[in-house]
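A.B. asks: Below are the structure tokens for one structure; questions will follow.
What follows draws every value from the coordinates through simple rules; no lab data is involved. Since we're looking at a predicted model, the values are computed, not measured. As a convention, Cβ positions derive from the backbone with ideal geometry for all residues, glycine included, and neighbour counts pool all protein chains shown.
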Amino acid sequence: MSRITRDAMADRTPNDKQDRKKPDFSNVRSGSSSTAPSPSGAETTGGTTYVVQSGDSLSKIAQRHYGDAGAWRRIFEANRDQIDDPDLIHPGQKLRLP
């Protein structure tokens with residue numbers, strides 16, 4: 001039977017899962033890869049853009065996208081820069097959906 005010396009043990013490559021180094025992902029950042037500013041100057045948080053269709057209302061859009069017609073205020077507040085009256089939106093208008 002052969003005896004393994006301490007030096008021979010140090011030269012072995014690790015083949016046990018516990019001996020292997022795990023990758024370091026501490027410097028990975030999440031979020032958007034774009035550095036371009038959003039159209040309103042505020043940073044977007046993963047919202048989408050919706051183009052208003054004929055017959056749409058904020059409550060219909062909210063029902064379709066959030067499952068809650070009462071969430072129309074979220075859309076209105078996110079688009080205050082282009083909507084003065086929540087009852088007056090126009091086909092072709094591009095709205096941010098937070």
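A.B. asks: Determine the gain in length on full extension of the stretch R80-Q53; use 0.36 nm per residue of separation and subtract their C-alpha separation, reporting nm with one decimal.
C.D. replies: 7.8 nm
A.B. asks: Let me ask something else about it. In Å, the Kirkwood hydrodynamic radius of segment 45-98 over pairs of distinct alpha carbons? Don't skip to the answer; put the middle values down first.
C.D. replies: On the way: mean 1/r = 0.0920 Å⁻¹.
Result for segment 45-98 stands at 10.9 Å.
A.B. asks: With each pseudo-label sitting 7 Å past Cα toward Cβ, what's the L88-A69 distance in nm, one decimal?
C.D. replies: Spacing of the two 7 Å Cα→Cβ label points: 2.3 nm.
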